[in-house]
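Encoded as structure tokens, the structure appears first; notes follow it.
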Amino acid sequence: MRQGRSTYVFPGSNTALGFQSFYRQGLQGLEHIYILKGSPGCGKSTLMRKIGSAMLERGYDVEFWQCSADNDSLDGVIVKGLSAAVIDGTAPHTVDPVYPGVVDEIINLGEHWSSQSLRRQKQSILHLYESLQQAYAAAQEDLSAIGEITAEACRREEKRLDSQKLNDKIHQLLDELFVPTGAVCRHLFASAVTPRGLISLADALTRVYPRRYILNGPPGCGKEKILQAVADAAAEKGLAAQVYHSALQPQHIEAVVLPELGTALADLFLCSRESQPGDVVIDCTELSHEKTDDGETLAFKQKLNDLADKAAGKLSEAKLIHDKLESCYSQAMDYEAVDLAGKRLFNRLLTLAAEQENRP
């Protein structure tokens, strides 16, 4: 049996516009959604990682939803071959059933904690939650500053754009790419500012496809409009697409993947990666009336990285507070009961797999 292929994405992120989530868009079209509820430290991430790893070993492709606030934690796993997901449905990405018992189901790991033990730690827990909110608010100041300088860079570059050249490039790409199939678009994040710094997965998500378009240039040079046009055309024409947004400006798209066409388009500005053999490189600075000032772009990128590092430092402080919260709750957890709940959930996924294999 072949090993399944793993993919890593961010379903939500602390962005220049505050916390943004694509949870519901990422779950679109799935038939079985198991929503885990519970506290920090109750075992949700460990349970999901075990299930994801076990399904990989059984040959299923698994999409791992990385937590932008904790590089070592998961927000969900998607087993596409079973049309199934196991996700963390607690704040800040609160998810509740839309079709309870039919598609979505809650699994409450909070049933397995000792309320008496938690009450003994009440003041400490309340103080930690308050400190956590303050830490995130401090990080948001730097993220908002990133949004402001990025928006200013876009406005400056857009003044140089030649709209005719941009429209010609968009139409050329759309003519090359699309054949209608009736599928859906899924929206997720390709990047996040995390406790370990700014991370972009755009290169990793797109380099596995045989045909890849790399859009080069600073923010505002037309690449955002090209990626948006491709995403809009995919939705309009019913072509399966994975649309990945930027954490710095979540209204902008960082990458679009068209799996059925074996094609991906990516803006690698945040990755600092070179193109690979076979890539079609589109220099979007050629869509402008005048040449972009390279020094200006370098200065902007340095300022962006400095602010991202500051925000990451504050998110790291938030994670330390979150770790203390996890410790409070872990002392109150019955992990044997949590493990048993995980095994029951995994057996249900195996039942789905058996039913699928036995279909004519």
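The values are calculated or read from the model by the stated rules, or taken from the named source; none is laboratory data. Since the model is a prediction, treat every value here as computed from it, not as a measurement. Every residue, glycine as well, gets a Cβ built from its backbone with ideal geometry; the counts of neighbours run over all protein chains shown. Note: accessible area is taken over every heavy atom of the protein model, side chains too, but ligands, DNA and RNA are not part of it. Shrake-Rupley method; radii C 1.70, N 1.55, O 1.52, S 1.80 Å.
Look at the dipole of the range 84-217 built from charges on Cβ: of ILE87, ALA192, VAL102, the Cα furthest out on the positive end belongs to ALA192. List the lysines whose alpha-carbon lies under 16 Å from that of LYS237, not counting same-chain residues fewer than 8 positions away? Output for LYS237: empty list, no partners.
Put a plus charge on the Cβ of each Lys and Arg, a minus charge on the Cβ of each Asp and Glu, and nothing anywhere else: the dipole of the range 81-157 about its Cα centre is then about 360 debye. Using alpha-carbon positions, what is the distance between the centroids of the range 109-178 and the range 232-263, in Å? With the range 109-178 and the range 232-263 each reduced to a Cα centre, they are spaced 18 Å.
Here's the list of aspartates and glutamates a cross-link from LYS169 could span, going by alpha-carbon distance under 18 Å and ignoring same-chain residues fewer than 8 apart: GLU157, GLU158, GLU224, ASP232, GLU254, ASP267, ASP279, ASP283, GLU286, GLU290.
Over the chain, accessible surface divided per residue gives 46 Å², non-protein components excluded, 1.4 Å probe.
Assuming charge only on the beta carbon of Lys and Arg (+1) and of Asp and Glu (-1), the dipole of the chain about its Cα centre is about 760 debye to the nearest 20. Model label sites at GLN331 and ARG207, defined 7 Å from Cα along the beta-carbon direction, differ in position by 4.5 nm. If you sort the three axes of the alpha carbon gyration tensor as a ≥ b ≥ c, you get a/c of 1.5 or more for the chain and a/b no higher than b/c, which makes it oblate.
Shape of the range 30-173 from its Cα gyration tensor (a ≥ b ≥ c, root eigenvalues): rounded if a/c is under 1.5, otherwise prolate when a/b > b/c, or oblate? Since a/c reaches 1.5 but b/c is at least a/b, the shape of the range 30-173 is classed as oblate. Counting lysine pairs in the range 263-360 that sit 8 or more residues apart in sequence, or on different chains, and whose Cα atoms lie under 21 Å apart gives 6. Between helix 294-330 and the chain there is an angle of about 0 degrees, using the helix long axis and the longest principal axis of the Cα atoms. Within the accessible surface of the range 208-309, defined with a 1.4 Å probe on protein heavy atoms only, the carbon and sulfur portion equals 48 percent. Along the axis of the charge dipole computed for the range 230-360 (Cβ charges of +1 for Lys and Arg, -1 for Asp and Glu, origin at the Cα centre), the listed residues LEU287, LEU325, LEU298 are led at the positive end by LEU325. In terms of the mean number of neighbouring beta-carbon atoms within 10 Å, the peptides 70-80, 348-358 order highest first as 70-80, 348-358. Note on the chain: dipole from Cβ charges, positive end direction compared against ALA16, HIS245, TYR335; the farthest Cα belongs to TYR335. The sum of -39500 (n - 2.57) across all DSSP H runs of n ≥ 4, divided by the residue count of the chain, sets its helix-only mean residue ellipticity at 222 nm to -14500 deg cm²/dmol. Relative to a virtual label point 7 Å from the Cα of ASN108 in the Cα→beta-carbon direction, which members of the range 20-38 show backbone nitrogen distances below 16 Å? Under cut-off, by backbone N: 35-38. Counting protein heavy atoms only, the range 121-175 has 49 percent of its accessible area on carbon and sulfur, 1.4 angstrom probe.
Apply the a/c threshold of 1.5 to the C-alpha gyration tensor of the range 225-310 and tell me whether it is rounded, prolate or oblate. Since a/c reaches 1.5 and a/b is larger than b/c, the shape of the range 225-310 is classed as prolate. Working ranking of peptides 276-288, 91-103 by packing, defined as the average number of other Cβ atoms within 10 Å per residue, highest first, is 276-288, 91-103.
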